[in-house]
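Asks: Shown below is the structure under consideration.
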Amino acid sequence: MPDPAARDAAEEESAFSHPAVAPDASAAYGEHPDQVVDFYAPRDGGQQAPLVVALHGGAWRAPYDRQHLTPFVDFLARRGFAVASVEYRRGGSIPRQGGTGPVAGRWPETFDDVAAALDAVPRLAVEHLPQADARRIVLTGHSAGGHLALWAAARHVLPPDSPWRLASPPPLRGVVALAPIAHFDRAVELGVCGGAVTEFLGGEGEFDVRARHADPALLLPTGIATAVVQGREDVVVPPAVAQAYAEAAAKAGEAVGFTLLEDVGHFPLIDPSADACAVVAEEIAQLAW
């Protein structure tokens, strides 16, 4: 059996080896430099194509921006989708306590941005991506972006005092979450991404209060068609996290599609050269078309 760490490193290297793909248009949804959406037109020249809104991962930490997701976004555009790739504010550059590197997430700005971006995308797409059919939106995200995708699809079931709550379900065909950090308690137990969840929500006294507004596993059922795609060999966000989310959904009376890919780790899901990426595109197509 291959060494899990070596396998993960090789898969990450492959996913990050593709050159970044420039968008066809970009638009701001706020004044901060990170409040921007990149638009990619369907490469087949199609009109009124389903619109995929993509949220990148990277443990909500600043060094990981939307650029690493552009080959995946371009892959979807070559499959006939219109795509909107969302940037959002992430953790600052201050080294995290007890470790090295930047902190994870920015409370409440990360959620402010995702909510504002999703609210703005249909309007911005009319102006900047006329090929997009904003009546057929599928939301997707990888890793921490998978968490944000699930969260954005659940804003109508947020606590009544949440500033991000919607009065009615968002206009989505569905959400496809890729190796998402979807169940915070399980992620904390497993130390996912170097304790990123605890860094994001804060320590004792803040965690439980904030989790009510942020943990997808506590925001069920949503009534939104939801699919999760996960690699069985993922050592970054282990399958147990997504499985815990699917189990929480089932207890809430909601069926979540769960695709567990054999011999696949964390990064092939967004790697255009990997077979897993085609599986992801098919899952999106099942909801979009």
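The values are calculated or read from the model by the stated rules, or taken from the named source; none is laboratory data. Predicted model only: the values in this text are computed from it and were never measured. Positions of Cβ are backbone-derived with ideal geometry, glycine not excepted, and every protein chain shown enters the neighbour counts. Just so you know, the surface numbers come from the protein's heavy atoms only, side chains and all, with ligands and any DNA or RNA stripped out. Shrake-Rupley method; radii C 1.70, N 1.55, O 1.52, S 1.80 Å.
Asks: Check which residues have an amide H placed less than 5 Å from SER26's amide H, if you skip close sequence neighbours.
Replies: PHE39
Asks: Pop out the carbon and sulfur fraction of the accessible area of the chain as a percent, whole number, probe 1.4 Å.
Replies: For the chain, the apolar C and S fraction of the accessible surface comes to 52 percent.
Asks: What ranking, highest mean first, results for peptides 266-277, 34-45 when packing means the other Cβ atoms within 10 Å averaged over each residue?
Replies: 266-277, 34-45
Asks: Separation between the ASP263 and ASP65 pseudo-spin-labels, each 7 Å from Cα along Cα→Cβ, expressed in nm?
Replies: Here the answer is 3.7 nm between the modelled labels.
Asks: Let me ask you something else. At most 12 other C-beta atoms within 10 Å and a DSSP loop state: those are the exposed GluC sites (Glu not before Pro) I care about. Give me the longest piece of the chain that has none.
Replies: 32-203
Asks: Hey, another quick one. Mind giving me the nanometre distance, one decimal, between the label points for ALA25 and ASP119, set 7 Å out from Cα along Cα→Cβ?
Replies: According to this spin-label approximation, the distance is 2.2 nm.
Asks: So how much slack lies between ALA6 and ARG212, counting 0.36 nm per residue of separation and subtracting their Cα-Cα distance, in nm?
Replies: That pair, ALA6 and ARG212, stretches by 70.5 nm at full extension.
Asks: Averaged per residue, what accessible area in Å² does the stretch 218-289 show with a 1.4 Å probe, protein chains only?
Replies: 40 Å²
Asks: Between GLY202, GLY57, GLY91, where does the largest GNM mean-square fluctuation fall for the chain, given springs only between Cα atoms within less than 10 Å?
Replies: Ranking GLY202, GLY57, GLY91 by mean-square fluctuation puts GLY202 first.
Asks: Can you tell me how much longer the chain between SER273 and ARG43 gets when fully stretched, taken as 0.36 nm per residue apart minus their C-alpha distance, in nm with one decimal?
Replies: 81.0 nm
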